[in-house]
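In what follows, a structure is listed as C-alpha cells, so that the remarks can point back to it.
No value in this document is a laboratory result; all are computed from the given coordinates. Because the structure is a prediction, the values reported are computed rather than measured. Heads up, the Cβs are rebuilt from the backbone with ideal geometry, glycines too, and the neighbour counts pull from every protein chain shown.
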Amino acid sequence: MARRSTKTPPPDDFEEKILDIDVVDEMQGSFLEYAYSVIYSRALPDARDGMKPVQRRIVYQMNEMGLRPERGYVKCARVVGEVMGKLHPHGDASIYDALVRMAQPFSMRVLLVDGHGNFGSLGNDDPPAAMRYTECKMADATSLMTESIDEDTVDFSPNYDGQEREPVALPAAYPNLLVNGASGIAVGMATNMPPHNLGEVIAAARHLIRYPGADLATLMRFVPGPDLPTGGRVVGLAGIKDAYANGRGTFKIRATATVEDVTPRRKGLVITELPFTVGPEKVIAKIKDLVGAKKLQGIADVKDLTDRSHGLRLVIEIKNGFIPEAVLEQLYKLTPMEESFGINNVALVDGQPLTLGLKELLEVYLDHRFTVVRRRSEFRRTKRRDRLHLVEGLLVALIDIDEVIRLIRSSDNSAQAKQRLIEHFSLSEIQTQYILDTPLRRLTRFDRIELESERDRLVGEIEALTQILESDAELRKLVSAELAAVAKKFGTERRTVLLESASTPLAAVSLEVADDPCRVLLSSTGLLARTATGEPLPDTGGRRAKHDVIVSAVLSTARSDVGAVTSTGRLLRLSVIDLPQLPQTASAPNLSGGAPLAEFLSLEADETVICLTTLEETSPGLALGTLQGVVKRVVPDYPANKEELEVITLRAGDRIVGGVELRTGEEDLVFISSDAQLLRFPAAQVRPQGRAAGGMAGIKLTPDAQVISFTAVDPAVDAVVFTAAGSTGALDDSFTSVKLTPFDQYPRKGRATGGVRCQRFLKGEDMLLLAWAGATPVRAALKTGTPTDLPEPDPRRDGSGTPLDVAVAVLAGPVS
C-alpha cells in the first residue's frame, strides 16, 4: 500500500536558486564568527572591570534587584532566572557556575557574592548544592563594582533581544582583574590570571597615577607576586617577573606543611594550606595511589581533619624510621602538594584580546577609572546646574511674590500665566513651569533662606566639579584618594608567602632514619621510649621528674628489635623504631614523653612486663627468677620470624618475678624471699638452657615463703639492698619499717641454698612486702611514678628497719 505524501508542493512560479560557495571560505567565515563570539561574549574578561560577560550580568542584575549587603538573602535560583531571562541567554548552568565561583572564599581574593549555603569545597571535592537550596546577595565589596553606574559613567548596549539594556563594563572602583584573577578558554587562546592582594595592587595603581612613567621594577616593589586565597608558598619568582613584564610566565605553588607529633608514637606532616584550586581529596587520593604502587614510602596514614572552626587540616602520619622532611620533599615531587601555575594575562582591550603585563593592566584600568570619574563628574555637574537654574528662577519669583500671584490670578489659563511670567521676569520656560508647579506653602520667608543656602552650595559644588573636569591633576588626585579609601576599608594581610627559591632539597637524602645506636627504656609506670645515643646517661641527682624511675634498659640500634619479657614467661618482640624518641638531656633520664606499653603489646589479664632484653646472639643471655625460687639463664636464640616466644616453661602456679639482661656473665644473682632471706650466688653457677627448659633450683624456700625479688648485681660496683617489712595480709602501701643495707654485707652462698637473713622483724611484722638489690645510686618511686627519697644505709645485715613516711612501690638503679 502506497504511503500518501504530506510534503507541500512548491508554487507554480517558484524558481529554484542554488548558490555555489567554496566550503573552505564558508568554514573560515563561520568559524571566525564563532571564535569572535566566544572570545568577546563568553570566555575572556574585560581588562577594565576584570569580568566576563556572565559575571558582569550577575553583578549588574543583583544591583538592579536591590540585593544590597545590608538586605536579606534570596534564592540563587531567583538571581539566575533574572539574569537568564533578561541578559544571558546561554542556560542556567553557566550562570550558576559563575555565581558559585564568585561566592567561594577559596576562589576569590575579594568576594563578589555573599553566599548562604553549600557553595562547594576546595578542589570541588564537595560540589555546591543546587540553586534552589542556596541563597545569595551582594558582598560588601561588590557595591564598589556598580557604584555610580546610574550616573552615566559607562556605556550601555541592548541585550540579546533588544528589550533590556546592560553595561558594556562596570565602573569598578578597584582593579578587579588583578585582585581576583580570571580563567577561561576561548578559541585559539586562553586566559589564566592569579589573584593578588587588594592593598598591594591599589598601592601600585596609586604610584602609577603619581608617576605615569614608573618602570616594572618599581611597580613590583608594591606587587611582588600573587596573593592566593588559599595561601601556600610561591617557589621561584623568575616566572612571575616574566609574567609581569610580557604577560606570560610560570611559578610553582607549594602547600604549607609543619612537622608535629600527631600521636605519642609518631610524627606527622600537618598541611594547613594547599596550592590554589587543589583540594584535600585530590591529595589524599594521589597519596593512596602512590603508596599502593610502592612509589612512596614512609606514609602510615592520611586523615582529613578539616572543619569550619580550624580550616584546612590534612594530617599525614609518618612511619617511624622515616625522616618527615624527606618524605615531605617526596610529596612535593609526586603529589599535587606542589603545582605549577601558568600565567597568561589575556584580556579584552577595546574588544580585542591582548596579552598584557602588570603595568599595561594597571594602565588600562586607570584609563577606565579616569573616564568613569570624568563622566560621573560631568553628570553631577549637569544635574547641579539644572537644579541651580530652577533655584535661581524660584528666588526671582520670591523677591516679588505679590506680582507673581497677581499675574497668575489675572491670567485666563495656565498657558497665558506662563507666558506673562516669562515676559515680566525674563525667566526660561523650565523656570516658569517649576514656579507654577511649586505649592504656595513653599513660598515662605524660611524657604527663601533655604533656597539661598542651596544656591550657594550648588555653586560651590559646580566649581569643584568644574575644577576636576578642567584639571587632569585634580582628576588623578581624586581617583587616587578613592582608591586609598577602598584599600583602607577592604584591604587584608598577605596570605601567600613568596620564596625566591626552594629550601635545600632532601630528595637525595635517605628517607629512612639511620640505624644509630640507642637505648630502649622501660619506666616503672609502663612507659616505653628510646634515646638517640648509645653513651651512658649522666646522673646529676637533685630533684627528679615523674616517670624517671627506669626499671629496665637495653642497648640496641634504631632499626633493630628488642624483647619484652612478661610474668607468664613470654618474650614479645618490639620494634625499636616504633618507640618515641626522647631528647638527650643533661639531667637524669625522664620518660614523661614515652608511650604506654598497651600501644605496642597485647597482654593477658594479670600479665605484666618484667624487663627488656636484647635479641642479639652475642649477649651473655637473660637471667630469670620465679615466684617459687626457680632460676634460669636463657640461651640467646630468638628466631627473627616470630613475634612471640616462650623463654621458660613454668610450673603450675608459678610466675616470673624478676628478669635481667646480663652484660658480662660475671654478675651475682640475688633472690630475696618473703621471709627475709637473701641468697647471693654467681651467675656462672647457672648453666644456660634453651628456651623450652624449665630452669633449675635457685633458692631453697620454707613452705610458706615465696620469692618477692630477683635481680643481678655486678660485684665490682657499689650496691645496696632495700627491704620493707609488714604483716601478713598487709597491702603494699602498709609497710611497718624499711631498711637500706650495703650489698657487700651479704656473703655469697651456693645455688639452691636458703641464703642469709636480710632484716629482723619487729613486733607485728612477719614478712617482707617489698625488696630489691642493685647498684647505687638507687631511685625509688610511688605507684604514680613520683620520685621519693630513701633512708640512710644501715650497715647491719640483719638489723631491723626504720619507719618511712611514704610507701615505696618500685626501686631501680642507674641506667648504664
Checklist entry - Taking a temperature of 20 °C and a viscosity of 1.002 mPa s, what whole-number D in µm²/s does Stokes-Einstein yield for the stretch 327-394 with Rh from Kirkwood over alpha carbon pairs? => result 126 µm²/s
Checklist entry - Full extension from Ile401 to Ala652: what is 0.36 nm times the residue separation minus their Cα-Cα distance, to one decimal in nm? => result 77.6 nm
Checklist entry - Can you give the translational diffusion coefficient of the stretch 215-257 in µm²/s, computed by Stokes-Einstein from the Kirkwood radius over Cα pairs at 4 °C and 1.567 mPa s? => result 117 µm²/s
Item to check | Total formal charge among the other residues, if their Cβ is under 14 angstrom from that of Asp307, Lys/Arg +1 and Asp/Glu -1 | outcome: +1
Checklist outcome for this item: the stretch 517-812: spread of alpha-carbon positions along the three principal axes, whole Å, largest first, is 54, 44, 38
Checklist outcome for this item: Taking r as the C-beta separation of Arg457 and Thr492 and R0 as 41 Å, the FRET efficiency to the nearest 0.05 is 0.65
Checklist entry - Roughly how tilted is helix 280-292, in degrees to the nearest 10 and between 0 and 90, from the longest Cα axis of the chain? => result 40 degrees
Checklist outcome for this item: Beyond 21 Å (Cα-Cα) in this structure, taken from Lys137/Lys488; Lys137/Lys383; Lys52/Lys75; Lys739/Lys763; Lys267/Lys288, we find Lys137/Lys488; Lys137/Lys383; Lys52/Lys75
Checklist entry - Along the stretch 618-632, what does the Karplus equation 6.51 cos²θ - 1.76 cosθ + 1.60 (θ = phi - 60°) give for ³J(HN,Hα), rounded to whole Hz, x for Gly and Pro? => result 7, 5, x, x, 9, 9, 10, x, 10, 4, 8, x, 7, 10, 8
Next on the checklist: Strictly over 21 Å apart at the Cα level, which of Lys294/Lys319; Lys294/Lys333; Lys282/Lys303; Lys295/Lys642; Lys252/Lys295; Lys241/Lys333 would you flag in this model?
Outcome noted: Lys295/Lys642; Lys252/Lys295; Lys241/Lys333
Next on the checklist: Please list, ordered by chain and number, the residues whose modelled amide H lies under 5 Å from the amide H of Thr753; skip anything fewer than 5 residues away on the same chain.
Outcome noted: Lys700
Next on the checklist: Checking the cross-link filter: which lysines have an alpha carbon closer than 19 Å to that of Lys489, excluding same-chain neighbours under 8 positions apart?
Outcome noted: Lys477
Item to check | Share of pairwise Cα separations in the stretch 51-171, more than 23 Å, in percent | outcome: 25 percent
Item to check | Point-to-point label distance, Lys17-Arg687, nm (Cα→Cβ direction, 7 Å offset) | outcome: 12.4 nm
Checklist entry - What is the helix-to-structure angle for 23-38, meaning the angle in degrees between its Cα long axis and the longest Cα principal axis of the chain, kept from 0 to 90 and rounded to the nearest 10? => result 70 degrees
Checklist entry - Which order do peptides 468-478, 199-209, 354-364, 599-609 fall in by mean Cβ count within 10 Å, highest first? => result 199-209, 354-364, 468-478, 599-609
Item to check | Relative contact order of the chain, pairs being alpha-carbon contacts under 8 Å that are 6 or more residues apart, as % | outcome: 9 percent
Item to check | Low-density loop positions, trypsin sites (Lys or Arg not before Pro), the stretch 724-816 - DSSP coil, at most 13 other Cβ in 10 Å | outcome: Arg748, Lys763, Lys783, Arg796
Item to check | Cβ-Cβ FRET estimate between Arg442 and Lys75, R0 fixed at 45 Å, reported to 0.05 | outcome: 0.50
Item to check | Amide proton proximity set for Ser800, modelled H, under 5 Å, gap of 5+ | outcome: Arg760
Item to check | Convex hull volume of the chain per residue (C-alpha atoms, cubic angstrom) | outcome: 374 Å³
Checklist outcome for this item: Cβ density ranking, 10 Å radius, fewest first, applied to Asp516, Asp668 yields Asp516, Asp668
Item to check | At R0 = 22 Å, FRET efficiency that the Cβ-Cβ distance of Ser471 and Leu216 yields, to 0.05 | outcome: 0.15
Item to check | Degrees, to the nearest 10: 76-86 long Cα axis against longest axis of the chain | outcome: 30 degrees
Item to check | Furthest towards positive pole of dipole, His424, Asn118, Ala173, structure part the chain, Cβ charges | outcome: Asn118
Checklist entry - Restricting attention to the stretch 316-405, which chymotrypsin sites (Phe, Trp or Tyr not before Pro) occupy a DSSP loop and are surrounded by at most 15 other Cβ atoms within 10 Å? => result none
Checklist entry - For the stretch 59-103, what size does the Cα cloud have along each of its three principal axes, sorted from largest down, in whole Å? => result 30, 21, 15
Item to check | Ranked by how many other beta carbons lie within 10 Å on average, peptides 694-702, 127-135, 98-106 from highest | outcome: 98-106, 694-702, 127-135
Item to check | All Cα pairs of the stretch 256-336, percent lying beyond 15 Å | outcome: 53 percent
Checklist entry - Once the Cα gyration tensor of the stretch 367-490 is diagonalised, what are the square roots of 5 times its eigenvalues, in whole Å and ordered largest first, as equivalent ellipsoid semi-axes? => result 40, 15, 11
